[in-house]
Amino acid sequence: MRSFKYYTATSWEDAVATLGKYKNAQIVAGGSDVLGWIKDELTGPGAPLADVLIDIRTIPNTSYINYDATAGLKLGALTTLTTVAESSDVQKNYPGLATAAVSPASPSIRNVGTIGGNIMQRPRCWYLRGANFPCYKKGGDFCFSVTGENQYHAILQGELCYIVHPSDTAPALISLNATANVMGPNGAKQIPFDQFFIGPRTNVLKETVLEHNEILTEIVVPPPAANTKSVFMKVTQRGVYDFALVSIAVAAQIVNGVWQDGRVVLGGVAPTPYRATDAEAALKGKKIDANVALQAAQDTLVKARPMSQNAYKVDIAKNIIVQAVTSLVS
Ligand SMILES: Cc1cc2nc3c(=O)[nH]c(=O)nc-3n(C[C@H](O)[C@H](O)[C@H](O)COP(=O)(O)OP(=O)(O)OC[C@H]3O[C@@H](n4cnc5c(N)ncnc54)[C@H](O)[C@@H]3O)c2cc1C
Ligand code: SF4
C-alpha cells in the first residue's frame, strides 16, 4: 500500500482550505470506502490516488441528530449509519430513512460508516474497482461493461458509463425532499438532494455536483407533512451484506387510501438515484391498489434499456414498486 499524508481537520473551514491546497487530497470519514480504494491502488488519469487524507472526524460537533416538529431533522454528516437507524426520532417520523440506514453492509461497517460517506461513496462497478481496467470513469476511453459482465449495471439512464448508484440512504433522502448543507471556499450553501447527483453525461468522473474542495456537512429533512408515510425496500442477491440489485424509497401523503402527493425513488437501476416521476404522476389522486401500482410500475419501466445480462432487473423493479406502494395502504 502506497504511503500518504494524514491530516486531522479542526473545522470545516480548515478541511476546505486543506483540500484547496492539495490537488490529490481526499476527505476521509469512517474510511470504509476510501481505504479500500487506496489499498487496491485504483487509479487512472481521471482518478488520481490520494496522497493527502483529510480526516474530518476530528472536527467537533459533526455527529448529531436533532429533530424538531417545525424545523424537521438535522443530521451531522459524521453521524454513523447505526446511530441514524437507531434514532427513535428517525424511526418514528421517517421510517423509510431508518430502514435505509440499517440496510447497508454489516453492523461493523454501519458502526464506522457515516451518513455523509454513504451518500458520497464511489460506485461499485467491478471494472472500476479492478486495477487493470482504464475505463471512462478513471479517465480512460472505454466502458468495459458494455461488452463485458453487466449483470449488476444500469437499466435506466445509462450512457457512456453504466454504473448504478450504490447508496441505500440517497433514495430515501430524495423521497423525503431532503437538502444537503455544503461547505466550500465561498462559505456554506444548500443543495436539494434532487439536484445533488449527476450522471455520466454531465461528468463521467464524479457522481455529485460537489467540487473537489466542497464538503457535505449536514443533511436536513423537512418535517413530514400530515398523513405522510414512508418506506424503503431492497432486493439483494445474497440475504445479507449486499448492495441493492434494486431498491426503492417511497414517501407519500395518503388520505383514505388516496395518494395525494409523493415521491418514488429507485436505487440500483441508474447512475444516480432514479426519481420515478412517471410513477408519481400515475399515482397522484388515485385510490391505491395493486392495479394502480402496477400501472405506475409499467409507466416507469417502459423507459428501461437493459444491457445483455441485466433484463431481470426490470421485473424486480416493477415488483418492488408494486410492493412498496401498496404497503403504504395495507
Ligand atoms: C462490504 C461492504 C458492503 C456494503 N454494502 C452497502 C450497501 O448494501 N448499501 C450501501 O448503501 N452501502 C454499502 N456499503 C458502503 C458503505 O455503506 C460505505 O462504505 C459507508 O457508508 C461510507 O461511509 P464512510 O464514512 O466510511 O465513508 P468514507 O469511506 O470515509 O468516504 C467515502 C467517500 O465519501 C467521501 N466523503 C466522506 N464523507 C464526506 C463528506 N462529508 N463530504 C464529502 N465527501 C465525503 C470520501 O472522500 C470518499 O470518497 C458497503 C461497504 C462495504 C465495504
Ligand atoms: S460502467 Fe462506468 S465504471 Fe463501469 S466500466 Fe463502464 S465506465 Fe467504468
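A few comments on the model shown:
- The overall shape of the chain is oblate: from the C-alpha gyration tensor, with semi-axes ordered a ≥ b ≥ c, the ratio a/c is 1.5 or greater and a/b is no larger than b/c.
- Reach of Lys318 by Cα under 16 Å, taken over aspartates and glutamates that are not fewer than 8 positions away in the same chain: Asp278, Glu280, Asp289, Asp299
- Sorted on the mean count of surrounding Cβ atoms within 10 Å across their residues, most packed first, peptides 122-134, 84-96 read 84-96, 122-134.
- Point-to-point label distance, Arg129-Arg2, nm (Cα→Cβ direction, 7 Å offset): 2.0
- Membrane-span-like helices in the chain (whole DSSP H runs, Cα extent of at least 18 Å along the helix axis, mean Kyte-Doolittle hydropathy of at least 0.5): 312-327.
- With θ taken as phi - 60° and the Karplus curve 6.51 cos²θ - 1.76 cosθ + 1.60 applied, the whole-hertz 3J(HN,Hα) list for region 227-242 is 6, 7, 10, 9, 8, 10, 9, 8, 10, 10, 6, 8, x, 9, 6, 9 Hz, x standing for glycine and proline.
- Whole-Hz couplings from phi, Karplus 6.51/-1.76/1.60, listed for region 205-214; x for Gly and Pro: 7, 9, 10, 10, 6, 4, 7, 3, 9, 10
- Cα centroid separation, region 266-302 to region 101-119: 27 Å.
- Normalised radius of gyration (Cα atoms, divided by 2.2 N^0.38 Å) for region 228-327: 1.04.
- Alpha-carbon gyration tensor eigenvalues x 5, square-rooted, for region 177-241, Å: 26, 21, 11
- In terms of its C-alpha gyration tensor, region 1-95 comes out prolate, because a/c is 1.5 or above and the ratio a/b outweighs b/c.
- Inter-label distance for Gln260 and His212, nm, one decimal - labels placed 7 Å from Cα along Cα-to-Cβ: 4.8
- Portion, in percent, of the accessible area of the chain that falls on carbon or sulfur, probe 1.4 Å: 51
- Among Gly30, Gly117, Gly139, residue whose mean-square fluctuation peaks in a GNM of the chain (springs only between Cα atoms under 10 Å): Gly139
- Taking the average, over residues, of other Cβ atoms within 10 Å as the packing measure, peptides 288-301, 190-203, 58-71 rank 288-301, 190-203, 58-71 from highest down.
- Estimated 222 nm signal from helices in the chain, with DSSP H stretches of n ≥ 4 weighted -39500 (n - 2.57), rounded to 500: -7500 deg cm²/dmol
- Pairs beyond 29 Å (Cα-Cα), from Lys234/Lys286; Lys21/Lys206; Lys39/Lys74; Lys138/Lys229: Lys39/Lys74; Lys138/Lys229
- Here the relative contact order of the chain, from alpha carbon pairs under 8 Å that lie six or more residues apart, stands at 17 percent.
The values are calculated or read from the model by the stated rules, or taken from the named source; none is laboratory data. Owing to the predicted nature of the structure, the values given are computational and were not obtained by experimental measurement. Here Cβ is always computed from backbone atoms with ideal geometry, including for glycine, and neighbour counts include all displayed protein chains. These accessible areas exclude ligands, DNA and RNA; they are computed on the full protein's heavy atoms, side chains included. Shrake-Rupley method; radii C 1.70, N 1.55, O 1.52, S 1.80 Å.
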